[in-house]
């Protein structure tokens, strides 16, 4: 699949509308635009994390793969179903890969004894930010209704789980835990 970007500005969105992947025009407030825009924001958050460094060994390659997959998610969300034309869709294998990484890392972590407060190391804190943006992207995809590929919702749900697990690993056992009522 080839993508050619010859000009970045087109002036076509100046009136508050944009194209979906099928070239239909919709308002920039359309649920699909909100969904793939939030996926784009998530991808940018992962870019900040990668640029900052200080990730545990092995996570960089995973996050780079996820960044690429997030473009697949965005493309999927941007293109309504079309029986006449094949579109790029998120596949169950992409979600299964996330599940395998979740299981792999979670097996190395101590069982949780309380909720984890966002923070700890800089990498863990940024992973928590990415996790919350991922949850928002998932909610936005769900808000699109039944005409989106359900695998995009599953992918985003599993990705938020993985980002949480990676944040725990990035804290290397020194994670800040919620202490209910501590300051009452």
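Which is assigned to a loop (DSSP other than H, G, I, E, B) and in contact (Cβ under 8 Å) with a residue 12 or more places away in the chain, of 181, 145?
145
Go through segment 50-96 and report how many residues are surrounded by 14 or more Cβ atoms within 10 Å (Cβ to Cβ), more than 16 Å from the chain's Cα centre (by Cα) and closer than 22 Å to residue 170 by Cα.
The qualifying residues number 2.
Of the conditions (1) surrounded by fewer than 17 Cβ atoms within 10 Å (Cβ to Cβ); (2) at pLDDT below 95, residue 148 fails just one. Which one is it?
(1)
If a residue must be within 16 Å of residue 154 (Cα to Cα) and surrounded by 23 or more Cβ atoms within 10 Å (Cβ to Cβ), how many such residues does segment 121-141 contain?
Number satisfying all stated conditions: 4.
Do you know which residues across segment 86-99 are touching a residue at least 12 places away in the same chain (Cβ under 8 Å) and farther than 18 Å from residue 160 by Cβ?
87, 88, 89, 91, listed by residue number.
The values are calculated or read from the model by the stated rules, or taken from the named source; none is laboratory data. Please read these numbers as outputs of a predicted model, since none were measured by experiment. Neighbour counts run over all protein chains shown; Cβ positions are idealised from the backbone, glycine included.
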